[in-house]
1. Over the Cα atoms of segment B:19-185, what radius of gyration and what Dmax do you get, in Å?
2. Can you compute the helix-only [θ] at 222 nm over chain B? Use -39500 (n - 2.57) per DSSP H run of at least 4 residues, normalise by all residues, nearest 500 deg cm²/dmol.
3. Are there chymotrypsin sites (Phe, Trp or Tyr not before Pro) in segment A:12-91 that DSSP puts in a loop and that have at most 11 other Cβ atoms within 10 Å, and which ones?
4. Restricting to DSSP H runs of at least four residues, report the calculated mean residue ellipticity at 222 nm for chain A, -39500 (n - 2.57) per run over all residues, nearest 500 deg cm²/dmol.
5. Among B:Arg46, A:Arg64, which comes first, then next, by fewest other beta-carbon atoms within 10 Å?
6. How big is the convex hull of the Cα atoms of chain A, per residue, in Å³?
7. For B:Lys187, give me every one of the lysines with a C-alpha distance below 28 angstrom, ignoring sequence neighbours fewer than eight places off in its own chain.
8. Based on the Cβ-Cβ distance from A:Asp32 to B:Met1, what FRET efficiency comes out when R0 is 35 Å, to the nearest 0.05?
Amino acid sequence: MDKNRQKLLKQLSALDFMAVDLNLYLDTHPYDRDALLRYNSIVMQANALRSYYERMYGPLYSFRSTSDYPWRWINNPWPWEYEFNFKLAGEE
Amino acid sequence: MWIYEKKLEYPVKIKNPNPKMAKYIITQYGGPDGELAASLRYLSQRFSMVTPQARATLNDIGTEELAHLEIVGSMVRQLMDDVSIEEIKESDLGAYYADHDKAVYPISAAGNPFTAAYIQSKGDPVTDLYEDMAAEQKARSTYEWLINLADDPDVIEPLKFLRAREVVHFQRFGEALRIVQDKLAEKKFYVKKPE
């Protein structure tokens, strides 16, 4: 279960990072049509993946995600914990 | 307002604790060129910033710095995880332990508590953006010195990510500064309505 969660999280983190970086670029280049198209496409891909991740592993956003019963937001692990994160440097 | 997302911007997965490294890296949590100072600086300056581009840049980089604060805090915590009292004494972390156990507290590598004196919010958009560019360079240098002090790839990879973000932020602030200076240099035209 956890391997699959971490794989999804890695894909989602990659998409979200592209969105963060393009967002900053667009702040100072609001008329770059190509960058904007790319940004919109990445955000849509990330949103689809995020919905899937949340259905499988619980809410990602405070007060923007719905939850199954019982309230799943409080579930461990939290992002600062070793178990939560996927490994990037080398493979396990 | 802010919405918390329950994940890190970049993963922190440190297998081998290293209290010495925790003592150094904590400076990017609460030190003079750290992420807390960065986010407070940008998020405070945005209220008096001019031009839509520069305002958005301060808002969004200030927000990303909060995500970096979380990454650095996670690194410090994992580096101190399961460390014995003997290791704490050997690694010079005893003074920190006396005040904070293994909790994460905003101080510099030298032990100075966080202070708002690290930042400025001057009300002059050009002055503020120059300060922001300098701040990004100072943080980039700090990450380079931290990378020099580290030997574990689990520690070096997130430090490299954070260093690279400082470079991007410096670039964006430079662009914002140019936009602001162009705007301030524009000739002002006043049109009088005919009677």
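1. Here Rg and the maximum Cα pair distance are 17.1, 62 Å.
2. On the way: 8 runs with 122 residues, N = 195.
Per the formula, -20500 deg cm²/dmol.
3. Counting only loop positions with at most 11 other Cβ atoms within 10 Å, the chymotrypsin sites (Phe, Trp or Tyr not before Pro) in segment A:12-91 are A:Tyr31, A:Phe63, A:Trp71.
4. -20000 deg cm²/dmol
5. Ranking B:Arg46, A:Arg64 by Cβ neighbours within 10 Å, fewest first, gives A:Arg64, B:Arg46.
6. Numbers: hull volume 11.7 nm³, N = 92.
Measuring per residue, one finds 127 Å³ for the Cα hull of chain A.
7. B:Lys122
8. Once rounded, the FRET efficiency stands at 0.80.
Every read-out reported here was derived from the displayed coordinates using simple, explicitly stated rules and does not represent laboratory data. Small disclaimer: the values here were computed from a predicted structure and weren't measured. When we count neighbours, we look across all protein chains shown, and the Cβ atoms used for this are built from the backbone with ideal geometry, even at glycine.
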